[in-house]
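Laboratory data are not the source of any read-out in this text; all were calculated from the coordinates shown. Just so it is clear, the structure is predicted and the values come from calculations on it, not from any experiment. When we count neighbours, we look across all protein chains shown, and the Cβ atoms used for this are built from the backbone with ideal geometry, even at glycine.
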């Protein structure tokens with residue numbers, strides 16, 4: 001339960017690749033499988049004019065998109081817990097774009113904080129915020145509601161910001177019990193977003209969707225420059241077609257979420273303190289020293305911050321491959 005990408009891929013995804021053995025494809029995502037997958041994405045989001053690009057991984061997708069969308073003096077606004085700020089080795093800032101952040105208790109951006117940062121950068125001696133970055137679900141597994149996204153869209157429009165959504169776990173957000181939005185709404189409210197495959201049953205791959213026409217020009221040139229235009233792009237097309245053609249994509253996320261909820265219920269019953277309330281596939285808890293030593297070397301988990309009086313914050317993550325039996329085995333340790 002260390003993460004949701006430590007298995008190879010769903011059997012149907014692997015079978016689809018094996019079934020393509022011996023076939024010849026044109027390179028760099030110009031093949032029929034990739035075209036079909038892009039069409040499935042456009043139908044899914046009800047946006048026939050969207051540009052769809054398939055890239056190998058999330059960090060590369062974020063770096064390629066954000067560096068393409070911004071001019072040299074422009075900056076990103078994001079929560080301080082965001083993936084681009086904490087877990088991407090300064091990739092965005094290495095590309096020349098500062099990230100300005102604010103603290104948030106639940107991992108989600110709020111309109112007031114975004115507005116304050118946008119208005120606080122008001123002259124040419126400072127970077128100019130131009131893009132708001134959020135993750136759906138957030139890095140703490142919390143899910144933005146339709147109203148919260150609408151409020152962020154409003155403040156972006158007020159201050160001329162693009163709204164870009166990291167969708168590494170967008171399937172888990174859409175499959176959560178608190179979800180009150182659709183794929184179509186994600187496309188309506190954002191300028192660009194991506195649909196994550198790496199963390200939901202694929203070997204690798206993300207589908208970047210660009211909705212705003214101002215951001216579309218020359219994007220394949222920039223993909224190539226950033227190393228994202230891979231020769232065997234058809235492998236991405238095959239995988240996304242398999243996930244999207246008959247609902248498998250959300251089916252896998254619903255299973256991952258249900259396993260996380262089963263784990264949360266068991267932890268609460270055992271008197272364990274959870275430090276984030278969410279209903280996606282990440283489970284955060286405090287582990288006192290005695291519990292931590294019992295868990296180590298018996299189950300995989302990730303340390304998630306400094307130790308305090310409540311113990312060491314740790315994270316479990318469930319996936320499409322997590323079984324109820326595995327959840328029960330973990331709960332026996334508490």
So for the chain, averaging the separation of alpha carbon pairs under 8 Å that are six or more residues apart and normalising by length, what relative contact order in percent results? 24 percent
Pulled fully out, how much extra length does the chain show between residue 46 and residue 323, if you take 0.36 nm times their separation in residues and subtract their Cα-Cα distance? 96.3 nm
Between (i) 171; (ii) 161; (iii) 137, the structure-derived volume of the Cα convex hull per residue in Å³ is (iii)
Efficiency by 1/(1 + (r/R0)^6): what FRET value for residue 119 and residue 232, r their Cβ-Cβ distance, R0 = 41 Å, to the nearest 0.05? 0.30
Among 78, 113, 293, which comes first, second and so on when ranked by fewest other beta-carbon atoms within 10 Å? 293, 113, 78
Under the 0.36 nm per residue contour assumption, what length would be gained going from the current alpha-carbon distance of residue 147 and residue 80 to full extension? 21.9 nm
Averaging sequence separations of C-alpha pairs under 8 Å and six or more residues apart, then dividing by the length of the range 254-331, give the relative contact order as a whole percent. 37 percent
Can you pull the three principal axis extents for the Cα set of the range 114-236, in Å, largest first? 45, 40, 24
The chain: most fluctuating residue of 136, 282, 60 per GNM, C-alpha cutoff 10 Å: 60
Over what distance in Å are the Cα centres of the range 40-116 and the range 172-191 separated? 17 Å
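How would 71, 153, 43 line up from fewest to most surrounding beta-carbon atoms within 10 angstrom?
Going from least to most buried by this count: 71, 43, 153.
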For residue 15, project a label point 7 Å along Cα to C-beta. Then give me every residue of the range 310-334 with its amide nitrogen under 20 Å of that point. 320-323
The correct pair for the range 176-265, radius of gyration to one decimal and Dmax as a whole number, both in Å and from Cα atoms, is 15.6, 49
Equivalent ellipsoid dimensions for the range 19-148 as semi-axes, Å, which come from the Cα gyration tensor, largest first: 33, 18, 15
When DSSP beta bridges are limited to those with both residues in the chain, what percentage is antiparallel, rounded to the nearest 5? 55 percent
Which value at 222 nm does the chain reach when only helices count, each DSSP H run of 4 or more adding -39,500 (n - 2.57), with the total divided by all residues and rounded to the nearest 500 deg cm²/dmol? -11500 deg cm²/dmol
When 298, 226 are arranged by how many other beta-carbons sit within 10 Å of their Cβ, fewest first, they go 298, 226
